[in-house]
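Asker: For reference, the structure I am asking about is given below.
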Amino acid sequence: MLQTLTVLVENKPGALMRVVGVLAARNYNVESLTVARTMDDTLSRMTIVVDVESKVRAQVVKQLNKLVNVLQAQDLTDERCVAREMVLLRVRAEMSNRTSILKEAEIFQARVVDSSVEGFAIECTGDPEKLDEFVDLMRSYGEIEVTRSGLVAVTLEPKKLRLASPVPMGASEEEEQSEERLLSK
Amino acid sequence: MASNTNQPAAPGALLSGSQILLECLVREGVDLIFGYPGGVTLPFYDALYDHPIQHVLVRHEQNAAFAAQGYSRATGKTGVCCATSGPGAMNLVTGLVDAMMDSIPVVAITGQVTSKLIGTDAFQEADTFGITRPATKHNFMVKHVSELPRIMHEAFYLASSGRPGPVLVDIPKDIFQASSHYTPVDSIHLPGYKLYTEGHTGQIRRAAQMIWEADRPFVYAGGGIIHSHAHNELRELVELADLPCVNTLMGLGALPGNHRNFISMPGMHGSYAANMGMYETDLIIALGVRFDDRVTGRLAAFAPHAKVIHVDIDPSEISKIRNAELPIVGDAKKVLTKLNRVMRELEPEMRALKSNERAEWWNTIRGWMEQHPFKLETSPDEIKPQHLMAEINRISGGEAIVTTDVGQHQMWAAQLIRYDHPRLWINSGGLGTMGFGLPSAIGAQMACPDKLVFAIAGDGGFQMSIPEFATIANQKLPIKIIVMNNGHLGMVRQWQELFYNNRLSEVVLDSFPDAAMLAGAYGFKGRTIDKPEELRAALEEAVREPGPYFLNVKVTPFENVYPMVPAGGAINEMVLGAPQPVAVA
């Protein structure tokens, strides 16, 4: 099944490598992955879609959360969220087809971003199924070239972000000592 | 120079990267590094030249990582190893993965080519940061000398806290050389590194209830008990409710081997009673374990009647393999301390509840133990490997440190040598690395100079570690190196015999060196024996020797380790011994 995850990571060297690496090492198939900075430019937000058996879904989240640079990984598959993808496609259009291509684009609320003698470049966003339909439709007009962005998602029920607080140097030893005192009482 | 004394450097002092690194190591309490120098670590080794931190020069970087592990496994402290860029760092990788699999805190410091040359395929350049990403709990590359203190302390914190593991810090040569005003770090902030150590109070209460209410409870305790120093709390729990307890390969010594509630080791070569107990129990109390395939056998047939209480500090271990009815994420010591308190609270009303069932359960277990104990084979003509382990056990009396590689000798040493304390039994469990025993013994003996240390290896793994004879001779370490020499890669041969029609493909190890001459070449004593009547005296002679001793023990070549759960088999279907397999229950 397809599992959608949203992952907040620190922009540290190797952070992307760690996320991709753990998915590969644990044998989870990546369907799509998008990453970009957030409003806080020390952080990035990833949306990852993996194809896994449903029983390992919890494990995927745990493995991501285990990474030191991951602040929060959340499974959006069953959450209330909005998920969108963008497709950019180029379609070769005969002069005779041009009007109907534009009409179809309008139905899908797609935008023409470039027009030339050869044809159009069109931008369309939506959920992946809708984009599949749009791509199929455009293919019926002739040769097309397609680039898809991969899914981006935002949850409608944000989870509280729990972060580790700073630990004073040598804290663990002090903690152990205080605990020993407690036990000896 | 500030870094050349035991006095910490004054904040703001202008120091080189190498000196800052040494400052950080001192602050972390490091007194010993295992390493091997090279081109890009020259500036660091120059600073180390007259620094009080001791450096042990191993003869291969892989063994630096193993020795650091041996040091850590024997003490619980973080082990430190050091290698140069490229080949040096690459040679560390096996040792790091090994530490990762067994959750051993190790900090590895590697040199990297000068920052400007990174990515140019420079001499001795390798993408250490990329290659060790999956080999470590976390890794760092230092981009600026000012980051060095923060990164070093984060490395030690990550290695030793939570579920311990190896952490690597890759340092380009120019960072060692650069100067910076040293600012000591006063706190560590890793916002994404959340530790859950306390354990959920409600869950702990429910666990206590379940334990008292179970008819046939069974404690399955592993390496997590040892990492967490929770052996006393484990013992308290086991005694409090009179629970039968098995220790995994990683957990041997967690409950003393001579404790009356200790059953033995479960798993592929575990005892009959341990595996039957796991099969028949109605409540597994899993403490710091990960339901490894070598323990569970065929998962679908593992503990079919049992509910599972799973205590682990790593949330990703919970329900990874076996679903836990009652998960508790937390540090074993903290959780067990609370659990024991609740167990005591409930004791007055609960103790009598299942007393009949419990008595019956113990009777069944004692029956299994008497029916099929680990077999102590001996022969009048040949030294049986089991005989060798029994004699080592006699000398050790549950007190000696024993390190091993992987294979038959490891399994017999786990079965037949008793470990009455944690951190005596040091072996490569998860990764199963040949050549682990000898170098890890170096680390253990350096950490515990007064302890008797046996490094037991097969004749295969031993030949992967011979270079370290030089380190042992150099450091005058009184390690007793015992080779259980069956002339074969014994475990592979056993599988070829049992599952590949005895077609012994590439498992015969001829041309073993003469023991006396080999040890003599390094300036210490060695001897080969092959008669059972020589065994006891030879071991005693080895132990009496104030320095290192190499004892090559020729044992029967075709002995198999039993009981054995064949790969993919159910744990209650052990093969108990040659010749004909006996299916049980």
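The values are calculated or read from the model by the stated rules, or taken from the named source; none is laboratory data. Quantities reported herein were computed from a predicted structural model and do not represent experimental measurements. Quick reminder, even Gly has a Cβ in these numbers, built from the backbone with ideal geometry, and neighbours come from all protein chains shown.
Asker: Please tell me if residue B:121 is part of a loop (DSSP other than H, G, I, E, B), more than 13 Å from every other protein chain (Cβ to nearest Cβ) and charged (D, E, K, R). It would help to see each step written out before you state the result.
Answerer: Values: part of a loop (DSSP other than H, G, I, E, B): yes; more than 13 Å from every other protein chain (Cβ to nearest Cβ): yes; charged (D, E, K, R): yes.
Here the answer is yes, as residue B:121 does meet what is asked.
Asker: Do you know which residues across segment A:124-145 are assigned to a strand (DSSP E or B), surrounded by 15 or more Cβ atoms within 10 Å (Cβ to Cβ) and either at pLDDT below 95 or not polar (S, T, N, Q) (or both)?
Answerer: A:124, A:126, A:144
Asker: Give segment B:240-281 a look and list any residue that's among the hydrophobic types (A, V, I, L, M, F, W, C) and part of a loop (DSSP other than H, G, I, E, B), or say none. First the steps, then the outcome.
Answerer: Let us first name the residues in segment B:240-281 that are among the hydrophobic types (A, V, I, L, M, F, W, C), namely B:240-241, B:243, B:245-246, B:249-250, B:252, B:254-255, B:262-263, B:265, B:268, B:273-274, B:276, B:278.
Residues satisfying the conditions are B:241, B:243, B:252, B:254, B:255, B:263, B:265, B:268.
Asker: Okay, next question. Restricting the search to segment B:535-546, which residues are in contact (Cβ under 8 Å) with a residue 24 or more places away in the chain and either part of a helix (DSSP H, G or I) or of a type in the set (A, V, I, L, M) (or both)? Even if it seems obvious, please write down each step before you answer.
Answerer: So the first thing to find is which residues in segment B:535-546 are in contact (Cβ under 8 Å) with a residue 24 or more places away in the chain, and the list is B:535-536, B:539-540, B:542-543, B:545-546.
Hits for segment B:535-546 are B:535, B:536, B:539, B:540, B:542, B:543.
Asker: Somewhere in segment B:66-76, is a residue touching a Leu at 6+ places or on another chain (Cβ under 6 Å) and crowded, with 16+ Cβ neighbours inside 10 Å? Lay out the reasoning, then the answer.
Answerer: Keep residues of segment B:66-76 that are touching a Leu at 6+ places or on another chain (Cβ under 6 Å), which gives none.
No: zero hits.
Asker: So, one more: Quick one: how many residues across segment A:78-104 are part of a strand (DSSP E or B) and of a type in the set (Val, Ile, Thr)? Lay out the reasoning, then the answer.
Answerer: The first filter runs over segment A:78-104 and keeps only residues part of a strand (DSSP E or B), leaving A:81-92.
Now restrict to residues that are of a type in the set (Val, Ile, Thr): A:82, A:87, A:91.
Number satisfying all stated conditions: 3.
Asker: In this structure, is residue B:184 surrounded by 16 or more Cβ atoms within 10 Å (Cβ to Cβ), within 17 Å of residue B:11 (Cβ to Cβ) and either out of contact with any strand residue (DSSP E or B) (no Cβ under 8 Å at 6 or more places or on another chain) or not assigned by TED's automatic domain parsing to the domain that holds residue B:92 (or both)?
Answerer: The answer is yes for residue B:184.
Asker: A follow-up question, please. Given (1) over 26 Å from residue B:160 (Cβ atoms); (2) surrounded by fewer than 22 Cβ atoms within 10 Å (Cβ to Cβ), where does residue B:200 come up short, assuming only one miss?
Answerer: Exception for residue B:200: condition (1).
Asker: Only one of (1) among the acidic types (Asp, Glu); (2) closer than 20 Å to residue B:433 by Cα; (3) within 28 Å of the chain's Cα centre (by Cα) is not met by residue B:559, so which one is it?
Answerer: Every listed condition holds for residue B:559 apart from (2).
Asker: Further question on the same structure: Please specify each residue of segment B:302-354 satisfying the condition of being among the polar types (S, T, N, Q) and either surrounded by fewer than 18 Cβ atoms within 10 Å (Cβ to Cβ) or closer than 15 Å to residue B:290 by Cβ (or both). Don't jump to the end; show me each part of the working.
Answerer: Let us first name the residues in segment B:302-354 that are among the polar types (S, T, N, Q), namely B:316, B:319, B:323, B:337, B:340.
Hits for segment B:302-354 are B:316, B:319, B:323.
Asker: Next up: Would you mind finding the one in A:131, A:151, A:163 that is within 13 Å of chain B (Cβ to nearest Cβ) and among the aliphatic types (A, V, I, L, M)?
Answerer: On the way: A:131 fails: within 13 Å of chain B (Cβ to nearest Cβ); A:151 fails: within 13 Å of chain B (Cβ to nearest Cβ).
Answer to the selection: A:163.
Asker: Would you list the strands (runs of 3 or more DSSP E) that sit entirely within segment B:133-227 and hold 3 or more residues that are within 11 Å of another protein chain (Cβ to nearest Cβ) and without any contact (Cβ under 8 Å) to a residue 60 or more places away in the chain? Explain how you work it out, then say what you get.
Answerer: On the way: elements: B:138-141, B:166-172, B:179-181, B:217-221.
Fully inside segment B:133-227 and qualifying: B:138-141.
Yes or no, residue by residue, for (1) closer than 30 Å to residue B:313 by Cβ; (2) away from chain B (no Cβ under 14 Å); (3) in contact with a strand residue (DSSP E or B) (Cβ under 7 Å, 6 or more places away or on another chain); (4) modelled with pLDDT of 95 or more:
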residue: A:67; (1), (2), (3), (4): yes, no, no, yes
residue: A:70; (1), (2), (3), (4): yes, no, yes, yes
residue: A:89; (1), (2), (3), (4): no, yes, yes, yes
residue: A:107; (1), (2), (3), (4): no, yes, no, yes
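Asker: What's the total number of residues in segment A:18-44 that are within 14 Å of another protein chain (Cβ to nearest Cβ), basic (Lys, Arg) and either surrounded by 16 or more Cβ atoms within 10 Å (Cβ to Cβ) or assigned to a strand (DSSP E or B) (or both)?
Answerer: Going through segment A:18-44 one residue at a time, the tally reaches 1.
Asker: Oh, and also: Got at least one residue in segment B:340-352 being in contact with a strand residue (DSSP E or B) (Cβ under 9 Å, 6 or more places away or on another chain) and either touching a residue at least 24 places away in the same chain (Cβ under 8 Å) or within 14 Å of chain A (Cβ to nearest Cβ) (or both)? Spell out how you get there, then give the answer.
Answerer: In the first step, residues of segment B:340-352 are kept if they are in contact with a strand residue (DSSP E or B) (Cβ under 9 Å, 6 or more places away or on another chain); the result is none.
No; the residues of segment B:340-352 include none that is in contact with a strand residue (DSSP E or B) (Cβ under 9 Å, 6 or more places away or on another chain) and either touching a residue at least 24 places away in the same chain (Cβ under 8 Å) or within 14 Å of chain A (Cβ to nearest Cβ) (or both).
Asker: Suppose we filter B:171, B:104 for residues that are more than 20 Å from the chain's Cα centre (by Cα) and at pLDDT 95 or above; which single one remains? Show your work before the answer.
Answerer: Working: B:104 fails: more than 20 Å from the chain's Cα centre (by Cα).
Result: B:171 is the single residue among B:171, B:104 that is more than 20 Å from the chain's Cα centre (by Cα) and at pLDDT 95 or above.
Asker: May I ask you to say which residue of B:575, B:507, B:555 is modelled with pLDDT under 95 and buried (at least 17 other Cβ atoms within 10 Å of the Cβ)? Lay out the reasoning, then the answer.
Answerer: Details: B:507 fails: modelled with pLDDT under 95; B:555 fails: modelled with pLDDT under 95.
Going through B:575, B:507, B:555 in turn, just one is modelled with pLDDT under 95 and buried (at least 17 other Cβ atoms within 10 Å of the Cβ): B:575.
Asker: Kindly provide the set of residues from segment A:1-17 that are in contact with a strand residue (DSSP E or B) (Cβ under 8 Å, 6 or more places away or on another chain) and part of a helix (DSSP H, G or I), ordered by number.
Answerer: Pass one, segment A:1-17, residues in contact with a strand residue (DSSP E or B) (Cβ under 8 Å, 6 or more places away or on another chain): A:1-11, A:13-16.
Matches in segment A:1-17: A:15, A:16.
Asker: Pick out, from segment B:375-476, the helices (runs of 4 or more DSSP H) lying fully within it that include 1 or more residues that are more than 27 Å from residue B:246 (Cα to Cα) and not β-branched (Val, Ile, Thr).
Answerer: Working: elements: B:385-396, B:408-416, B:437-447, B:459-465, B:469-475.
Correct list: B:437-447, B:459-465, B:469-475.
Asker: A further question follows. Taking residue B:85 as the residue in question, decide whether it is over 24 Å from residue A:25 (Cβ atoms), among the polar types (S, T, N, Q), touching a residue at least 40 places away in the same chain (Cβ under 8 Å) and crowded, with 24+ Cβ neighbours inside 10 Å.
Answerer: Numbers: over 24 Å from residue A:25 (Cβ atoms): yes; among the polar types (S, T, N, Q): yes; touching a residue at least 40 places away in the same chain (Cβ under 8 Å): yes; crowded, with 24+ Cβ neighbours inside 10 Å: yes.
Taking the combined requirement at face value, the residue satisfies it.
Asker: Moving on to the next point. Here is a check on your reading of the model: is residue A:56 outside any helix (DSSP H, G or I) and in the same structural domain as residue A:26 (by TED's automatic domain parsing)?
Answerer: Numbers: outside any helix (DSSP H, G or I): no; in the same structural domain as residue A:26 (by TED's automatic domain parsing): yes.
No, not satisfied.
Asker: Let me ask another. Output the number of residues of segment B:300-334 satisfying the condition of being part of a loop (DSSP other than H, G, I, E, B), within 11 Å of another protein chain (Cβ to nearest Cβ) and without any contact (Cβ under 8 Å) to a residue 60 or more places away in the chain.
Answerer: Looking only at segment B:300-334, we keep the residues that are part of a loop (DSSP other than H, G, I, E, B), and these are B:302-306, B:313-314, B:318-325, B:331.
Okay, now just the ones that are also within 11 Å of another protein chain (Cβ to nearest Cβ), so B:314, B:318-321, B:323, B:331.
The next check asks that each one be without any contact (Cβ under 8 Å) to a residue 60 or more places away in the chain; those that pass are B:318-321, B:323.
Qualifying residue count, segment B:300-334: 5.
Asker: In addition: Working carefully through the options A:41, A:51, find the one that is closer than 19 Å to residue A:152 by Cβ and modelled with pLDDT under 95. Can you show your working first?
Answerer: On the way: A:51 fails: modelled with pLDDT under 95.
Exactly one of A:41, A:51 is closer than 19 Å to residue A:152 by Cβ and modelled with pLDDT under 95, namely A:41.
Asker: Evaluate segment B:354-372: report whether one residue or more is out of contact with any helix residue (DSSP H, G or I) (no Cβ under 8 Å at 6 or more places or on another chain), closer than 20 Å to residue B:561 by Cα and modelled with pLDDT of 95 or more.
Answerer: Yes, there is a match, as at least one residue in segment B:354-372 is out of contact with any helix residue (DSSP H, G or I) (no Cβ under 8 Å at 6 or more places or on another chain), closer than 20 Å to residue B:561 by Cα and modelled with pLDDT of 95 or more.
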